[in-house]
Amino acid sequence: MFAKEVYIARRATLVGKMGENVPQGSRGIALFIGNAESPAQYWDNAYKFRQDSSWLYYFGLDIPCYAAVIDLDTAEETVFADDVEIGDIIWMGPQPSVASLAAGVGVLHTAPSGELGNVVARAISQGRPVHYLPPSRWYNTLKISDLTGIPVAQVKEKSSDSLTRAVISMRLVKEQCEIEQIDDACALGYEMHTVARNNVKVGRIEQEVVGIMEGVTLSKGWGVSFATILTQHGETLHNHLHDKVIEDGKLMVIDAGAENNMHYASDFTRTLPTGGRFTTMQKDIYRIVCNANELAFSLTRPGITYREVHLATARLMLEQLRDLDLVRGDVDEMVSLGIAGLFQPHGLGHNMGLDVHDMEDLGENLVGYDSNQIRSAQLGLGSLRMARKLVPGNVVTDEPGIYFIPALIDKWKAEGTDRGFVNYAKLEAYRDFGGIRLEDDVLVTEDGARRTGPYRLPILPEDVEEAMGNALS
Ligand code: GLY
Ligand code: MN
């Protein structure tokens, strides 16, 4: 946990934001529901516990079945949870009291869980607004429904817009203590990828590499920050199958990150030549992705929108794909028609922090778009999850990719979606190419940007080949 002053200051800022332009006496209460254990098969065999990220941000306590209320008119804060009894102690060992845990994050008042319903009911009966965040877990959805009387199906839509926006505005700008945690998670992510790279060997099964790589973060951190992607079929963007034997001459996409013990994420992608050397054809495409990654980083600074950075990388890709005669024609027209989406049907990046896709549970558009930005419907640009004007403290991923997806190529060809810009005859040779993605994590600073973590994974094709050649067999 951070020092209790961190949580006290965050909650005070939140209360301040929730009071802006709302007269005292009519601000209501903010209800926070921490996560509960989630059974894997039966109640006593639960998935590994992961606390709700907004709960962690404001209350820090990494324990199931906690809740809290902040009275937005008086700033009084109460944590609701139950002290353990002998029945629990037998299985869990002695635990600190709820009061002492709450005091550790600067909350002075505590009450048993059963009291929460009365507090919410009283607020409702007095006509006071009950603000809560949109829940993503079903337990929390049911709990909020139970507490407020809102039907389950309406819990999400009736969540508090003002609370959600206030939380997003805070979590989007990382504090120094958070940046240190992200750097730590990135150090772990670097180590994961280094171990994976050293273990990519022709003849092995992909799953072996996954196991060795995930062992790194399990031995030093909480685990992985999302389900690992490690595949020779990188043209499937989120391919979670790891059942193939590693063959020579393929491209291995490894998109994996660590969650450290404070629950901050890293998210890196590297694409390796399975036999240790890229073919000329692979290297030509790889360099384009590498150039796009570098261009995005060089443009990332306060004041630019990440939408502009995404579009600049789309333009670079189309220019350089045109040099390979894979597309033909005017690049400006291709950019505006979204032709890059055939090759990169995803966005350039997303926010990262306590979640690898930070706060997407609170609403992708609220998190990733300024109020004057409208999300595109184009393939690729429409999947851009972070489009906002950048400010110091934002942490974003820089993850361009080029993929050759046979089903998508066929669809565009059949439907004429490319308006004549794509050279399908040349594209035929790339049908079993796979895909390439290269991803770094980037902090926006006062005057530019820096990549997070102490070291950068090799990315230039020559450096990747050298690193693979140096791996101990
Ligand atoms: N690293 C997986 C993703 O960004 O979707
Ligand atoms: Mn990512």
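The values are calculated or read from the model by the stated rules, or taken from the named source; none is laboratory data. Everything quoted here is computed from the prediction, not taken from an experiment. Cβ sites come from the backbone with ideal geometry, for glycine too, and all protein chains shown count toward neighbours. Accessible surface areas use protein heavy atoms only, side chains included; no ligands, DNA or RNA. Shrake-Rupley method; radii C 1.70, N 1.55, O 1.52, S 1.80 Å.
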Matching entry among Ala75, Ala40, Ala46, Ala36 (being of a type in the set (Gly, Ala, Ser) and more than 25 Å from the chain's Cα centre (by Cα)): Ala75
Within the range 226-270, of all residues that are open to solvent by 20 Å² or more (accessible area, probe 1.4 Å), under 16 Å from the mean Cα position of the chain (by Cα) and in contact (Cβ under 8 Å) with a residue 40 or more places away in the chain, the one nearest to ligand 1 (Cβ to nearest atom) is Phe226
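Filtering the range 305-344 down to residues that are open to solvent by 20 Å² or more (accessible area, probe 1.4 Å) and in a loop (DSSP other than H, G, I, E, B), which residue is nearest to ligand 1 (Cβ to nearest atom)?
Going residue by residue through the range 305-344, those that are open to solvent by 20 Å² or more (accessible area, probe 1.4 Å) are 305, 307-308, 311-312, 315-316, 319-320, 322-325, 328-330, 332-333, 335-337.
Then keep just the ones that are in a loop (DSSP other than H, G, I, E, B); that gives 324-325, 328-330.
On the way: Leu324: 26, Asp325: 31, Arg328: 31, Gly329: 31, Asp330: 31 Å.
For the range 305-344, the residue satisfying everything is Leu324.
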Can you name the residue in the range 219-258 that is within 14 Å of ligand 2 (Cβ to nearest atom) and touching a Gly at 6+ places or on another chain (Cβ under 6 Å) and, of all such residues, is farthest from Asp440 (Cα to Cα)? Gly234
Close pairs from the range 59-70: first at positive phi, partner surrounded by fewer than 22 Cβ atoms within 10 Å (Cβ to Cβ), Cβ under 6 Å, at least 6 apart: Gly60/Met1; Cys65/Ala36
Using beta carbons and a limit of 6 Å, which pairs, at least six apart or on different chains, have the first residue in the range 350-364 and within 11 Å of Val167 (Cβ to Cβ) and in contact (Cβ under 8 Å) with a residue 24 or more places away in the chain and the second one more than 15 Å from ligand 2 (Cβ to nearest atom) and in a helix (DSSP H, G or I)? Met359/Ile168; Met359/Arg171; Leu362/Thr164; Leu362/Ile168
Of (1) at pLDDT 95 or above; (2) out of contact with any His (no Cβ under 6 Å at 6 or more places or on another chain); (3) over 18 Å from Pro96 (Cβ atoms), Ala30 satisfies every one except (2)
Residue satisfying all of: in the range 117-140; without any contact (Cβ under 8 Å) to a residue 60 or more places away in the chain and part of a helix (DSSP H, G or I); farthest from Gly60 (Cα to Cα) among these: Ser125
Quick check on the range 369-389: of everything there that is touching a residue at least 60 places away in the same chain (Cβ under 8 Å) and within 30 Å of Ile33 (Cα to Cα), which residue is farthest from ligand 2 (Cβ to nearest atom)? Asp370
Can Gly393 be described as under 28 Å from His357 (Cβ atoms) and under 22 Å from the mean Cα position of the chain (by Cα)? yes
Please tell me if Val209 is surrounded by 20 or more Cβ atoms within 10 Å (Cβ to Cβ), part of a helix (DSSP H, G or I) and more than 16 Å from ligand 1 (Cβ to nearest atom). yes
